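Q: This is the structure I have questions about; it appears just below.
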Amino acid sequence: NEAGEISVKDIDHIAKTSFPLCMRHLFEKVREDHHLKHGGRMQLGLFLKGVGLKLDDALAFWKAEFAPKVSAERFDKEYAYNIRHNYGREGKRTDYTPYSCQKIISSTPGVGDHHGCPYRHFSEENLRAALVRMGVSSRAVEDVVDKVRNRHYQLACTLTFEAVHGSSCDAGINHPNQYFIDSQRILQS
Ligand code: SF4
C-alpha cells in the first residue's frame with residue numbers, strides 16, 4: 001500500500017505478491033534459518049521500513065523471527081539497538097533510507113550472507129529455480145537469464161516484474177521499494 005503503513009501480519013502476504021526477488025530471498029531465509037547476518041538485516045530491515053513497517057512492529061517482527069535461536073534478553077541486548085538505529089532513534093539519529101538497486105548490486109556478499117541482488121549474485125541454476133518458484137514462465141525465464149548474461153541486472157528484474165504482474169513496467173526497476181509500490185499499484189487497481 002502506497003499510503004505506507006503495514007503491520008507484521010501483512011508481511012507474509014505482501015512478500016509473496018509484491019517483494020522483488022532480493023527481498024523475497026532474505027525473507028525466506030530469515031523464516032528458514034531464524035537468523036540473518038548483518039548485511040541481510042540491513043538490506044531487508046531498511047526495505048521493510050520503506051514499505052511502512054513502524055519501529056515497534058519491526059522490533060516485534062525480528063524478535064519473533066529470531067526467537068527459536070535468540071532469547072528475548074539477548075535480542076534486546078544485541079539486535080534491538082541496530083533496529084532502532086536504522087529508524088534514527090539511536091546514535092547520530094540519522095533516518096536511514098532503504099538501499100537502491102545500484103547499492104545492492106554492487107555489494108559483495110560473503111559465505112553465509114543472503115543480501116545482494118539475486119540477478120547479480122546467484123548462480124544461474126539457483127536463479128532459474130527462484131524464478132520458477134516466483135511463477136515466471138519458462139519463456140520469460142530465458143529472457144531474464146539472457147539479460148543477466150549481458151549484465152543487465154535491473155532489466156532482468158524489470159522483465160521478472162512484468163512476467164509476474166502481466167503488466168509492463170516502462171520506467172524500469174531501479175529501487176526495491178519502487179518495485180513494491182509499482183506492484184501494489186497494479187494489484188490494487
Ligand atoms: Fe532487488 Fe534491484 Fe536486484 Fe531487483 S534489481 S532483485 S529490486 S536489487
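The values are calculated or read from the model by the stated rules, or taken from the named source; none is laboratory data. Please read all numbers here as calculations on a predicted model, not as lab measurements. Note that we place each Cβ from the backbone using ideal geometry, even for glycine, and neighbour counts take in every protein chain shown.
Q: So ARG133 fits all but one of (1) over 20 Å from VAL51 (Cα atoms); (2) touching a helix residue (DSSP H, G or I) at 6+ places or on another chain (Cβ under 8 Å); what number is the exception?
A: (2)
Q: Quick one: count up the residues across the range 82-121 that are of a type in the set (Phe, Trp, Tyr) and within 10 Å of the ligand (Cβ to nearest atom).
A: 2
Q: Next question, about the same structure. Identify, please: which residue in the range 1-54 is in a loop (DSSP other than H, G, I, E, B) and out of contact with any helix residue (DSSP H, G or I) (no Cβ under 7 Å at 6 or more places or on another chain) and is, among those, surrounded by the fewest Cβ atoms within 10 Å (Cβ to Cβ)?
A: Checking each candidate, the answer is ALA3.
Q: Further question: Restricting to the range 141-173, name every residue that is under 16 Å from PRO118 (Cα atoms), more than 18 Å from the chain's Cα centre (by Cα) and aliphatic (A, V, I, L, M).
A: VAL141, VAL144, VAL145, VAL148
Q: Which residue is modelled with the lowest pLDDT, if the candidates are limited to the range 1-58 and must be among the small types (Gly, Ala, Ser) and away from the ligand (no atom under 16 Å from the Cβ)?
A: ALA3
Q: Closer than 25 Å to VAL111 by Cα, in contact with a Ser or Thr (Cβ under 9 Å, 6 or more places away or on another chain) and modelled with pLDDT of 95 or more - does that describe any residue in the range 73-84?
A: no
Q: Give me a count of the residues in the range 92-125 that are of a type outside the set (A, V, I, L, M, F, W, C) and not in a loop (DSSP other than H, G, I, E, B). Give the steps one after another, and end with the answer.
A: Initially, the range 92-125 is screened for residues of a type outside the set (A, V, I, L, M, F, W, C), giving 92-100, 102-103, 106-110, 112-116, 118-121, 123-125.
Now restrict to residues that are not in a loop (DSSP other than H, G, I, E, B): 102-103, 118-121, 124-125.
Residues flagged as of a type outside the set (A, V, I, L, M, F, W, C) and not in a loop (DSSP other than H, G, I, E, B) within the range 92-125 amount to 8.
Q: Check whether at least one residue in the range 53-72 is acidic (Asp, Glu) and closer than 27 Å to VAL111 by Cβ, and report yes or no.
A: Within the range 53-72 (the criterion being acidic (Asp, Glu) and closer than 27 Å to VAL111 by Cβ), the answer is yes, since at least one residue qualifies.
Q: Across the range 16-27, what is the number of residues that are within 11 Å of MET134 (Cβ to Cβ) and of a type outside the set (Lys, Arg)?
A: Of the residues in the range 16-27, 5 are within 11 Å of MET134 (Cβ to Cβ) and of a type outside the set (Lys, Arg).
Q: Further question: Mind listing whichever residues of the range 30-48 are within 11 Å of the chain's Cα centre (by Cα) and not hydrophobic (A, V, I, L, M, F, W, C)?
A: Scanning the range 30-48 gives GLY40, ARG41, GLN43, GLY45.
Q: Is it the case that the range 100-122 has a residue that's touching an Asp or Glu at 6+ places or on another chain (Cβ under 8 Å), surrounded by 14 or more Cβ atoms within 10 Å (Cβ to Cβ) and on the phi > 0 side of the Ramachandran plot?
A: Keep residues of the range 100-122 that are touching an Asp or Glu at 6+ places or on another chain (Cβ under 8 Å), which gives none.
So far as the range 100-122 goes, no, none of its residues is touching an Asp or Glu at 6+ places or on another chain (Cβ under 8 Å), surrounded by 14 or more Cβ atoms within 10 Å (Cβ to Cβ) and on the phi > 0 side of the Ramachandran plot.
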